[in-house]
Amino acid sequence: MSDWIFSKGWLAAAMAAAGLLCVGLAGANASDVVPRLPKAAATGAAWDWSGFYLGADVGGARQTTSSSRSEFFENEPDSPTAQSQAPSSSSAIGGVHFGYNWQVSRLVFGVEGDWQWTKSSYSFCRETDTFGVPCRDNGFGFVTIQSETRGLGTLRGRLGYAFDRVLLYGTGGLALADLRSTITVDCRVNGCGHDGSKNLGAQNFSSMSTGWVAGVGAEVMLSPNLIVRSEYLHVDVGSVSDKLDLALVNCSSGGPCGASWSRNQRYDIGRIGFSYKFGGAGRVN
C-alpha cells in the first residue's frame, strides 16, 4: 500500500512540476519569438486568441486535508477525546474544458469551465475507547473512515499576456468537488466503548462541496485552430463534515453516541491538454 501511495504521489508531483516547467519554457520561448518577428508585426500584429474553444486534458492531483478531526462520542466522562488525522492521497485526473477569449492588443481576457474525473481516496481507523485499538475489535470496537473524490469542476476567469503564439495567464474562480465518504462502526465483539450491545453500523455520505480555485498556465498556438496547454491549479473546497449517530439501544447511559469526521479539503493539480479554437482566424492587428 505504501508503494502505491508513493507512486501516486510521485505522479501528482511530476505533473505539477511539468506544468510549472512548461510555463517557464513558454516564457523563454516567448522572448525568443518576439525578436524574430518583422518589425511591423512586433509592434502591432499578433496571433488572434479571440473565440470559443473546446478541449481535453490529463494530469495528476494531490489531495490533502487540514484541521482534521475524528471522534467517537458517547455519554461517558472518560470517553476518548477527538483525534487529529491528516490523510492524503494522489491519483490521475482527466477531463474536458471549454471557454471563450477576448483579445485586446496583447492582453487576453477569458472565462473557462471544466470538469475533471478522478478517484482520489483514503481511509483510516481509530478506537472507540481509551482501552481500544485502531482497526481491530479487542472488545471495545473501532471506527473506519473512508473518503473518495470522484470529480472536480471549476468556473474561472482568465487574464493573460500574448507573446505572438504563446499565452501566459493567471486564472481563478469557483470550484466544486464531488465527495463520497463512509463511516463504519464495528463493535461486534462486545459493543462500542462502554456499552455492551454488539453492533455493526455504517452510513454513506455524498456531497457537492464548493470553494475557490487559483492557478497559472501557458498555452502555445500550433495553428489558428489547435492550442496545447500546461496548467497548475490549487483547489480549496473548505470544511466538510460527516456524522454517524448510532441507535440509542447501542449507546451507554441512554446515548447519544456515534462517530464523526470533519476536515478541510484541498487539491493541487498539474495537467497538460489541447484545445480546438473555433473560427480559425489568422493574425490580428
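The values are calculated or read from the model by the stated rules, or taken from the named source; none is laboratory data. Quick caveat: nothing in here was measured; it's all calculated off a predicted structure. Every residue, glycine as well, gets a Cβ built from its backbone with ideal geometry; the counts of neighbours run over all protein chains shown. What goes into the accessible areas is simple: the full protein's heavy atoms, side chains included, and nothing from ligands, DNA or RNA. Shrake-Rupley method; radii C 1.70, N 1.55, O 1.52, S 1.80 Å.
Data overview
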item: Residue, farthest from the chain's Cα centre (by Cα), within the range 161-180, restricted to residues that are open to solvent by 10 Å² or more (accessible area, probe 1.4 Å) and of a type in the set (Gly, Ala, Ser); result: Gly170
item: Selection status of Thr154, in contact (Cβ under 8 Å) with a residue 40 or more places away in the chain, crowded, with 18+ Cβ neighbours inside 10 Å, under 26 Å from Gln265 (Cα atoms) and hydroxyl-bearing (Ser, Thr, Tyr); result: yes
item: Pair list, Cβ under 6 Å, 6 or more apart: the range 130-141 residue farther than 14 Å from Gly196 by Cα and open to solvent by 60 Å² or more (accessible area, probe 1.4 Å), other residue modelled with pLDDT under 85 and in a loop (DSSP other than H, G, I, E, B); result: Thr130/Pro80
item: Among the candidates Gly191, Gly196, Gly211, Gly201, residue that is under 30 Å from Leu159 (Cβ atoms) and either open to solvent by 30 Å² or more (accessible area, probe 1.4 Å) or of a type outside the set (S, T, N, Q) (or both); result: Gly211
item: Complete set of residues in the range 63-117 that are of a type outside the set (A, V, I, L, M), touching a strand residue (DSSP E or B) at 6+ places or on another chain (Cβ under 7 Å) and open to solvent by 50 Å² or more (accessible area, probe 1.4 Å); result: Ser67, Arg69, Ser84, Phe98, Tyr100, Trp102, Phe109, Trp115, Trp117
item: Only one of Gly215, Gly211, Gly238, Gly270 that is modelled with pLDDT of 90 or more, among the small types (Gly, Ala, Ser) and touching a His at 6+ places or on another chain (Cβ under 9 Å); result: Gly215
item: Per-region count, the range 265-281, residues touching a Gly at 6+ places or on another chain (Cβ under 9 Å), open to solvent by less than 40 Å² (accessible area, probe 1.4 Å) and either of a type in the set (Asp, Glu) or part of a strand (DSSP E or B) (or both); result: 7
item: Selected residue (only one of Gly151, Gly201 is of a type in the set (Gly, Ala, Ser) and farther than 19 Å from Arg263 by Cα); result: Gly201
item: Residue count for the range 233-264, restricted to those that are open to solvent by 60 Å² or more (accessible area, probe 1.4 Å) and either touching a Leu at 6+ places or on another chain (Cβ under 8 Å) or not β-branched (Val, Ile, Thr) (or both); result: 7
